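The values are calculated or read from the model by the stated rules, or taken from the named source; none is laboratory data. Keep in mind it's a predicted model, so treat the numbers as computed, not measured. All Cβ positions, glycine included, derive from the backbone under ideal geometry; neighbour counts span all protein chains shown.
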Amino acid sequence: MILLLIQILMAHMIGDFFLQPKKWVQDKEVKKLRSAYLYLHTAIHIALILLLTGGFTFWKIALLIGALHFLIDSLKLSFQKKDNKRKWFFIDQLLHLLSIVITWGVATKYSLNAEFFKNEKFWVMFAAVLFVLTPTSYIIRVFISKWSPNTNNTNMNQNRLLGNAGVDESLEDAGKWIGMMERILILIFIGSGKWEGIGFLLAAKSIFRFGDLKEARDKKLTEYVLIGTMMSFIITIIVGMIAFNFIQRPG
């Protein structure tokens, strides 16, 4: 029955991302429930489920998921505003996935094996992932705070990194998200035994972050960023080694 779930998820992806032109989306945002494309979009989802599952065997599931899809899209169109479109995109997709999984689970009488959540290896890995995200960011920030470059010069230096001297073009929270993504990648490389990937990641980041810092007056910022980067890598490598050594031990 896992195959059925995969087929329904594929129908959702095809319907939402391949068979929904921009024109339809714009029309729905303007006309909302009065848009004919909203109903056509729902019908396409139902048809895709029937097509991918091989006929009318699961027509009840197709109709139920279609109805839920219509309700979720209607909810999104009713509350979505210009300034919260990004938020509602993720809410919309999350609700669609939940409705699909729950409908599939109820229809197939699938029972979740609770023993999985009692497995200590799962919790070790979960703790490792959580730790290298926000807690590690705080640790690095506190550790390197005493070396923070002069506030008046920091923005200027950061703008020079982007080639926009005099204009603050730095993306909001970009450094935080880059750090979290790089630490997740490091864990993946350690878990798959691809240590060379960590070297490639460090080299790539060095090119992007330090390539434009050539002048002597950039030295402090260069060292500041380098200390934070090396700390991020060291902490994540240590956490990853501990976590995966525990997971891979016998028993």
Margin query: So, in the stretch 190-205, how many residues would count as being surrounded by 11 or more Cβ atoms within 10 Å (Cβ to Cβ) and either hydroxyl-bearing (Ser, Thr, Tyr) or in contact (Cβ under 8 Å) with a residue 24 or more places away in the chain (or both)?
Written below: 5
Notebook entry, point to check: For Lys60, which of the numbered conditions (1) modelled with pLDDT of 95 or more; (2) of a type outside the set (Ser, Thr, Tyr); (3) surrounded by fewer than 18 Cβ atoms within 10 Å (Cβ to Cβ); (4) within 16 Å of Phe17 (Cα to Cα) fails to hold?
Noted result: (4)
Notebook entry, point to check: Within the set of pairs 6+ apart or on separate chains, which have a first residue in the stretch 100-127 that is farther than 30 Å from Leu48 by Cβ, a second that is of a type in the set (D, E, K, R) and surrounded by 14 or more Cβ atoms within 10 Å (Cβ to Cβ), and C-beta atoms under 9 Å apart?
Noted result: none
Next item on the list: Scan the stretch 207-223 for residues that are closer than 25 Å to Ile238 by Cα and at pLDDT 75 or above and report the count.
Entry: 3
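Let's see how each residue does on (1) in contact (Cβ under 8 Å) with a residue 40 or more places away in the chain; (2) among the acidic types (Asp, Glu); (3) over 16 Å from Ile14 (Cα atoms):
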| residue | (1), (2), (3) |
| --- | --- |
| Arg34 | no, no, yes |
| Leu40 | no, no, no |
| His45 | no, no, no |
| Leu52 | yes, no, no |
| Gly55 | no, no, yes |
| Gly66 | no, no, no |
| Ser74 | yes, no, yes |
| Arg86 | no, no, yes |
Margin query: Can you tell me which of (1) under 29 Å from Gly105 (Cβ atoms); (2) modelled with pLDDT of 95 or more is the one Leu33 doesn't meet?
Written below: (1)
Checklist line | Total residues in the stretch 236-251, condition over 23 Å from Ile140 (Cα atoms) and free of Cβ contacts under 8 Å to residues at least 24 places away in the same chain | finding: 5
